[in-house]
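The structure appears right after this line, and notes come after that.
The values are calculated or read from the model by the stated rules, or taken from the named source; none is laboratory data. What you see is a predicted model; the values in this text were computed from it and never measured. Don't worry about glycine lacking a Cβ; one is built from the backbone with ideal geometry, like all the others, and counts go over all protein chains shown. Calculation scope for accessible area: heavy atoms of the full protein, side chains included, ligands and nucleic acids excluded. Shrake-Rupley method; radii C 1.70, N 1.55, O 1.52, S 1.80 Å.
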Amino acid sequence: MLGIPPNYREQFPDAIRTLAGTDNGVLIAQQTAANLHVAPGDTVRIERAGMAPVDVVVDGVVELPQADSLFQKVGAPPGTQPVAPPDNVVLLGQTRWHQVFGPLSALRPDLVNLQIHAALDHTLHPAPASAYTQVSAAAHNLEARSAGGALVGDNLAAALDAARGDAAYARVLFLFLGLPAAVLAGLLTATVVTAGADLRRRDQALLRARGATRRQLMWLAAAEATVVGIAGSAAGITAAALVGLAEFGSPSLGADARTAVGWAAASAAVGMGIAAASVLAPAWRDLRDSSIVTARANLSRTRTPRWTRSGIDVAILAVSGMLFWQAGRTGYQIVLAPEGVPTISVSYWAFVAPALLWIGAALLMWRLSDMLLGRGWTVVARALRPVAGKLSRIVAHSLSRQRVAHARAIVLLALAVAFAVSTATFNATYRAQAEVDAQLTNGADITVTEPPGSSVSAGAAAKLAAVPGVRAVEPIQHRFAYVGADLQDLYGVNPSSITNVTALQDNYFQGGTVEELMNTLAAQPDSILVSAETVKDFQLRPGDTVNLRIQDARTHHLVTVGFHYVGIVSEFPTAPKDSFFVANAGYIAQHTGTDAIAAFLVDTGGHDTAAVADRIKGRGRHVGGGHRHHRRPWRRRLQPDCGQPGRAHPNRARLRTDSCRRVRRPGPGPWPRRTATQLRHRRRARGDPPPTAVICAGRGRNPHHVRAGRGGQSSAGRLSRMLVGVLTGVFDPPPTALAVPWAYLAATAVTIIVAIGTVSAATVRLARQSPFTVLGEQ
């Protein structure tokens, strides 16, 4: 029995929502109306301990969206809160409450308590973890200053407690999806810069021959590295700011100025480090190890890396697979944020398996490329025969002689393809699960809820189906049933048509697929699907009889209805997360004397959902979001809209803001740029005769490009499965299969082919030039 001040609903507008009747007077909760089978205008008798009962007339029925926090046990240790709010709740105005319970407070003060609800200033630290610590400390300070006279129920800290876990997931996503992109970009940058290493070595030898000192040459190399690093860092930071502005509405690289400056400085430092490693380090090594003659001789020796003899790549892949299997077997949690504990634990051990997969795949592709271009040069020669003709053997020998550079390009291209495909697949899978998440919470595109106590039958679905834009309508019963002394939600569905308006996946059920269990409910009307928690609590086995006590609409008394347990249901549209039942709607109606519908699931095909909802509202129907009764925590309000425009995306799972955006993916890869740069430097260094130019032409259309793409696709498939498996905690519910973005993958393949074809055409055009013309350009 709650007594609320006159201005409470204005100060806290989200705490109470009217479903039927008036906004003031005697208000009862939705579940209470269903339990007592009362509606506005009915009389309810309130018992008072040691005093005469009081009869009140119901003025309205309300929903309490924040019931979990409203009825929390203030001061209880974390994890000791009641499982659910009370089933029967009556709200009275403050004056009326004092009239009814004022005498009781004097007689039994232990039955009455006072709460002060306060809305706090939300000007907090932008980091959820720091904000949580800040708010929690303020609550503890208030308790200390009250000298034990007050206990604080800190709802804001509870919200931040979950948000900090979500922020940890965002960091995990950055590390899993963003860090490989940064490493790949660094390797690509280093490859492009080092493409001119031979030219710089010869220029350096020429300057040494003309009297330049080592110190002067190092200063020149440092100046070049500085220019490259500053220009590249500035361009990269500017591009990142523009992407942030376009995607997130802010060019800032962090939540506050300090974080933004820190990220920009760290990025610039990495860029300068790449420039130094690509330009300055080779210059210093050449000055130390080579003479002027050897530097100008342009001689290189191809050596097989030592690690290829030890099989370290195969060992790394084996360890990666073993760790991934072990992680899936133990059911680990990558982010652990215990309620009320200020410290968040992130299992960075989970990063090892994907990281080893990246490294092992890269080394394996290097080994295969080196093997193909080395001992398998005859295979390359036969593959090039349609392009190079009689010069195919010469081209193959040239590729073999430079197989280190080609292997590097092949590996980078394969890694770029693997990263693009795996990231796109993860993103597509996440978006698909966001849609499934919305279907679970909202039920369908639109959910039309009926007020408690109403007797709307399933036949009303025809009127909704006549609304323009509606594709299908499915009625759902919602009752409350006692199993033993436990009150749980009971949903009655038409098993033959429920899948027409909402998404049901096989991983929601145990004991059969969606089709099999729905067919069982249809063929055996007394069948029932039970939540896993109830199966465990009551030790049920398939085929056991489950006796539920359900209110009969004719007598308003509880009647016992027998069901047979046939399977487990863990998720169901509009159902709570923990304990509920799903049964045949016709069987429930037969034994309770009514087929009253609680909600209608409306399918619009994902088109013009808002407009259709307005049309339904215009007909006097309440359009809701698949209201949870008391088992879904307030965390569901934090889910951002990650789906299609106009589609109802309610708030059910973790806050996943960063991962709702598309990740920028690399383009066609490093090979075309490396070939064009190297060819330009070769032309500047010396005029190649036509045969060598033909060899260069052959590089633009080699079979190892195709093999690099295939290797990248194979690695991408394994990496995609590993990413989704490792990051299962990000998905709610977990996906049953990967969602493959075929359009994006086709566009990526076309881009690679066009880029290679463009470079090939340019190379062939250069090859047709006269050697004397090329020599004249020097």
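In region 503-605, the portion of solvent-accessible area held by carbon and sulfur atoms comes to 47 percent [1.4 Å probe, whole percent, DNA, RNA and ligands not counted]. To the nearest 10, the accessible area of Ser496 is 90 Å² with a 1.4 Å probe.
Computed from phi, the 3J(HN,Hα) profile of region 516-527 under the Karplus parametrisation 6.51, -1.76, 1.60 (θ = phi - 60°) reads 5, 6, 5, 5, 5, 4, 6, 6, 10, x, 7, 6 Hz, with x in place of Gly and Pro.
Loop-located trypsin sites (Lys or Arg not before Pro) across region 486-555 with a Cβ neighbour count of 11 or fewer within 10 Å are Arg554, with loop assigned by DSSP. Between Leu175 and Gln510, the distance separating the two model label sites (each 7 Å from Cα on the Cα→Cβ line) works out to 3.1 nm. Of Met1, Met218, the order by accessible heavy-atom surface (1.4 Å probe, DNA, RNA and ligands excluded), from most exposed downward, is Met1, Met218.
The length gained by stretching the chain between Val754 and Val74 to full extension, at 0.36 nm per residue less their Cα-Cα distance, is 238.3 nm. Work out the charge dipole of region 450-544 with +1 on the Cβ of Lys and Arg and -1 on the Cβ of Asp and Glu about the Cα centre, then indicate which of Ala523, Tyr482, Asn507 is farthest towards its positive end. Result: Ala523, furthest along the dipole toward the positive end.
The order of the peptides 9-17, 443-451 by mean Cβ neighbours within 10 Å, most packed first, is 443-451, 9-17. Taking other residues whose beta carbon is less than 12 angstrom from the beta carbon of Gly25, and scoring Lys, Arg as +1 and Asp, Glu as -1, yields -1. Using the 1.4 Å probe convention, the accessible area of region 499-613 works out to 42 Å² per residue with neighbouring protein chains retained. List the trypsin sites (Lys or Arg not before Pro) within region 360-429 that DSSP assigns to loop and that have no more than 13 neighbouring Cβ atoms inside 10 Å. Taking region 360-429 and a limit of 13 other Cβ atoms within 10 Å, the loop trypsin sites (Lys or Arg not before Pro) found are Arg375. Rolling a 1.4 Å probe over the protein heavy atoms of region 41-167, with every protein chain left in place, gives an accessible area that is 56 percent carbon and sulfur. For a modelled paramagnetic label at Ser457, 7 Å from Cα along Cα-to-Cβ, the residues of region 543-576 in reach, with backbone nitrogen under 20 Å, are 552-556. Taking the Cα atoms of region 134-225, the ratio Rg/Rh between the radius of gyration and the Kirkwood radius comes to 1.53. Looking at region 1-54, the accessible area is 53 square angstrom per residue; that uses a 1.4 Å probe and ignores ligands, DNA and RNA. Multiplying the residue separation of Asn7 and Ala209 by 0.36 nm and removing their Cα-Cα distance gives an extension gain of 63.7 nm. Projecting the Cα atoms of Leu217, Pro251, Val192 onto the charge dipole of region 191-256, computed from C-beta unit charges around the Cα centre, puts Leu217 farthest toward the positive end. A DSSP coil position with no more than 13 other Cβ atoms inside 10 Å describes the following trypsin sites (Lys or Arg not before Pro) in region 144-223: Arg210. Spacing of the modelled spin labels on Val227 and Arg45, each 7 Å from Cα toward Cβ, amounts to 9.6 nm. Listed by chain and number, the lysines placed with their C-alpha closer than 30 angstrom to that of Lys577 are Lys73, Lys536, Lys617; residues fewer than eight positions away on the same chain are left out. Summed over the residues of region 59-168 and divided among them, the accessible surface reaches 56 Å² per residue at a probe radius of 1.4 Å.
FRET efficiency for the Ala144 to His98 pair, using the beta carbon distance and R₀ = 45 Å, is estimated at 0.90.
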